[in-house]
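A.B. asks: Once you've had a glance at the structure underneath, I'll fire off some questions.
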Amino acid sequence: MAKIHHLFVIDPIENLNMKLDSSLRVARALCNIGHLAYICTPGQLEWLSRESCAAAFAQELAFPDGDIHSMRMSPARRLRLDYFQAIHMRKDPPYDMNYIASTWLLDSAVARGVKVYNAPHALRNLNEKLSIFKFPEAIRDGLVSAEPQQILQFIKESANGDAVLKPLTLYGGRGVLRLNLNQQKEEKVLHILREETQNGQDLRLIQAFDERIFQGELRTFSVNGKALSWCLKKPHGDNFLANTRSGATLETYQPRADEVAMVEKVAQSLVEEGVYFVGFDIIGSFISEINITSPRLLHGPGDTHDYYKDIAAALVHDLG
């Protein structure tokens with residue numbers, strides 16, 4: 001079997017949550033079956049005009065003890081992106097112009113026949129909050145607007161006075177607010193909306209608040225259109241944010257057949273747009289977010305299945 005060279009574009013090592021990070025674990029799984037894994041940050045990408053594609057100052061990884069904590073990195077060397085057969089864009093949001101600029105450089109590798117997971121054009125075109133609107137049958141009704149009065153009207157008429165407000169370009173629960181007209185005066189909510197939208201300049205997503213969040217939010221990880229793993233993220237105490245950074249705990253979860261069918265229908269549609277890895281968040285029976293930038297593979301503490309080995313095998317199969 002020919003060795004496949006994989007490049008993982010990630011945040012700086014010191015910024016990774018090593019307990020939950022999936023990128024290095026996938027890299028380790030690939031190395032364990034005889035392939036080669038390298039890492040770089042977006043800041044280590046460059047493109048020289050006389051070259052047909054961009055390059056990376058990349059470090060090769062080794063896992064001598066089979067543990068990510070024993071990982072060793074070679075000195076960085078400059079390698080053109082077409083040196084690799086696969087590139088994994090795994091940088092966390094915020095989704096800003098620096099992120100978008102990185103996808104432009106990755107496009108040069110796609111033009112040279114390199115497979116990029118997920119595709120650069122999909123990372124630009126499919127916003128993690130807004131892409132749920134492509135699947136209205138699988139989501140709660142929502143509104144994207146920068147106009148405070150329009151948002152307030154939606155809260156009154158479509159959310160029974162209780163809603164959740166989300167920025168479009170952040171992650172991990174950052175900037176997410178609950179606005180409840182049953183507990184807050186309308187003038188106060190309108191003031192918050194003006195502040196959040198910069199007086200009608202910044203778009204926000206608004207949806208009805210779902211009390212089932214306190215029973216937990218599902219995280220499903222899909223690979224190439226198939227649901228691979230499931231876990232339940234339970235908010236801490238009265239906190240409605242089901243993010244580990246907000247104190248949520250993880251539990252194992254056995255999905256129902258209808259949940260698998262819903263996820264895989266959406267995931268298979270996304271594959272057609274170049275999206276190979278997806279992290280779905282599900283509250284009740286509705287998809288709340290579709291994470292395609294750097295979804296983590298989460299599973300409950302009692303789940304010992306090696307999903308990273310499955311992912312490595314799926315990647316090798318996809319690359320032929």
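A.B. asks: Quick check on this structure: which one of L250, L190 is more than 23 Å from N127 (Cβ to Cβ), of a type outside the set (F, W, Y), in contact with a helix residue (DSSP H, G or I) (Cβ under 9 Å, 6 or more places away or on another chain) and part of a helix (DSSP H, G or I)? Write out each step before concluding.
C.D. replies: On the way: L250 fails: part of a helix (DSSP H, G or I).
Going through L250, L190 in turn, the sole match is L190.
A.B. asks: Tell me which of these I13 doesn't satisfy, since it passes every other one: (1) among the aliphatic types (A, V, I, L, M); (2) modelled with pLDDT under 95; (3) within 22 Å of D310 (Cβ to Cβ).
C.D. replies: Tallying (1) among the aliphatic types (A, V, I, L, M); (2) modelled with pLDDT under 95; (3) within 22 Å of D310 (Cβ to Cβ), I13 fails exactly one: (3).
A.B. asks: Looking at this structure, is K233 among the charged types (D, E, K, R) and out of contact with any strand residue (DSSP E or B) (no Cβ under 7 Å at 6 or more places or on another chain)? Reasoning before the result, please.
C.D. replies: Working: among the charged types (D, E, K, R): yes; out of contact with any strand residue (DSSP E or B) (no Cβ under 7 Å at 6 or more places or on another chain): no.
So K233 does not fit the description; no.
A.B. asks: Right, here's the next one. Does G216 satisfy being in contact with a Lys or Arg (Cβ under 7 Å, 6 or more places away or on another chain), under 30 Å from A314 (Cβ atoms), surrounded by 15 or more Cβ atoms within 10 Å (Cβ to Cβ) and not assigned by TED's automatic domain parsing to the domain that holds S294?
C.D. replies: Details: in contact with a Lys or Arg (Cβ under 7 Å, 6 or more places away or on another chain): yes; under 30 Å from A314 (Cβ atoms): yes; surrounded by 15 or more Cβ atoms within 10 Å (Cβ to Cβ): yes; not assigned by TED's automatic domain parsing to the domain that holds S294: no.
Criteria not met by G216.
A.B. asks: Follow-up question, since we're still on this one. Select from region 48-105 the residues that are in a helix (DSSP H, G or I) and either of a type outside the set (A, V, I, L, M, F, W, C) or farther than 22 Å from L170 by Cα (or both) and list them in ascending order. Write out each step before concluding.
C.D. replies: We begin by selecting, within region 48-105, every residue in a helix (DSSP H, G or I); these are 68-70, 81-83, 97-105.
If the condition is that a residue be in a helix (DSSP H, G or I) and either of a type outside the set (A, V, I, L, M, F, W, C) or farther than 22 Å from L170 by Cα (or both), then I68, H69, S70, L81, D82, Y83, N98, Y99, S102, T103, L105 are the ones that fit.
A.B. asks: Working carefully through the options F221, F240, F277, find the one that is farther than 23 Å from L123 by Cβ and not assigned by TED's automatic domain parsing to the domain that holds D107. Let's see the steps before the verdict.
C.D. replies: Values: F221 fails: farther than 23 Å from L123 by Cβ; F277 fails: farther than 23 Å from L123 by Cβ.
F240 is the lone residue from the list that is farther than 23 Å from L123 by Cβ and not assigned by TED's automatic domain parsing to the domain that holds D107.
A.B. asks: Another one. It is to be established whether one or more residues within region 275-283 are out of contact with any Leu (no Cβ under 9 Å at 6 or more places or on another chain) and not aromatic (F, W, Y).
C.D. replies: No.
A.B. asks: May I pose another question? Looking only at region 212-228, decide whether some residue is in a loop (DSSP other than H, G, I, E, B), within 22 Å of the chain's Cα centre (by Cα) and under 16 Å from I283 (Cβ atoms).
C.D. replies: First pass over region 212-228, keeping only residues in a loop (DSSP other than H, G, I, E, B): 216, 224-225.
Pick out the ones that are also within 22 Å of the chain's Cα centre (by Cα) and you get 216, 224-225.
Restricting the remaining residues to those that are under 16 Å from I283 (Cβ atoms) gives 216.
Yes, some residue in region 212-228 is in a loop (DSSP other than H, G, I, E, B), within 22 Å of the chain's Cα centre (by Cα) and under 16 Å from I283 (Cβ atoms).
The values are calculated or read from the model by the stated rules, or taken from the named source; none is laboratory data. Keep in mind the model is a prediction, meaning the values are calculated, not measured. All Cβ positions, glycine included, derive from the backbone under ideal geometry; neighbour counts span all protein chains shown.
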